[in-house]
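Quick notes on the structure that follows.
Read-outs: derived from the displayed coordinates by stated rules, not from any lab. All of these numbers come straight from a predicted model, not from anything done at the bench. Using ideal geometry, Cβ is built from the backbone for each residue, glycine included, and neighbour counts are taken over all protein chains shown.
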Amino acid sequence: MPAFSRKSIDRLETCDHRIQMVLKRAITRVDFTVLCGHRGKEEQNDAYERGASKLQWPQSKHNRTPSLAVDIAPFPIDWDNLERFRALAAIIMDEAAKLNIKLRWGGDFNMNGKPDDKFVDMPHFELTGRPT
């Protein structure tokens, strides 16, 4: 059974408890790594400058404490295999639905189920709705 690495655990612990619950369930179904939870000012602005984020500090959900967003990738990582990212997203969204936790995936920011978003961020998941 897959398990988180120490580095993934450390990153996940910077996230809201709802994200942690979803990902802890998902890791029992598929192997993935946690790339990023909370981002500080320098890291967020660097992501913005590289085009990896559309938001500067402190506008991203990654900038909250705890983080309201997480970036993950199927393990082992193959950035060119988008089908693995889609399959991982399906599992994450399934686990979130089972827990009645509302998430939005960066592969479908407008949440219309079609790959027509102007900005696609396959590793990204964020909480939507009201905080609990």
Fill in the blank from the handout: Computed over the chain, the relative contact order (Cα-Cα under 8 Å, seq sep at least six) in percent reads 23 percent
Practice task
Would you please classify the overall shape of the stretch 64-118 from the alpha carbon gyration tensor, given that a ≥ b ≥ c denote the square roots of the eigenvalues, rounded means a/c under 1.5, and beyond that prolate means a/b larger than b/c while oblate covers the rest?
Solution key: rounded
Handout entry: the stretch 26-55 residues near the modelled LEU82 label - backbone nitrogen below 19 Å, point 7 Å along Cα→Cβ
Key = 51-54
Practice task
Distance check, please: which entries in LYS7/LYS98; LYS24/LYS54; LYS7/LYS54; LYS61/LYS118; LYS98/LYS118 exceed 23 angstrom between their Cα atoms?
Solution key: LYS7/LYS98; LYS24/LYS54; LYS7/LYS54; LYS98/LYS118
Practice task
Name the shape class, rounded, prolate or oblate, that the alpha-carbon gyration tensor gives for the stretch 24-84, where a ≥ b ≥ c are the square roots of its eigenvalues, rounded holds for a/c under 1.5, and otherwise prolate holds if a/b is larger than b/c and oblate otherwise.
Solution key: oblate
Handout entry: For the chain, with +1 on Lys and Arg beta carbons and -1 on Asp and Glu, the positive-most of THR65, SER53, MET122 along the dipole
Key = THR65
Problem - Computed lengthening from LEU55 to LYS114, 0.36 nm per intervening residue step minus Cα-Cα distance - result: 19.0 nm
Handout entry: Percentage, to the nearest whole number, of Cα pairs in the stretch 90-132 over 14 Å apart
Key = 47 percent
Practice task
Would you mind computing Rg(Cα) / (2.2 N^0.38 Å) for the chain, counting N as its residues?
Solution key: 0.98
Exercise for the section: Run the dipole for the chain about the Cα centre, Lys and Arg Cβ at +1, Asp and Glu Cβ at -1, nothing else charged, and hand back the magnitude in debye, nearest 20. Expected result: 480 debye
Practice task
May I ask what percent, to the nearest 5, of DSSP beta bridges between residues of the chain are antiparallel?
Solution key: 90 percent
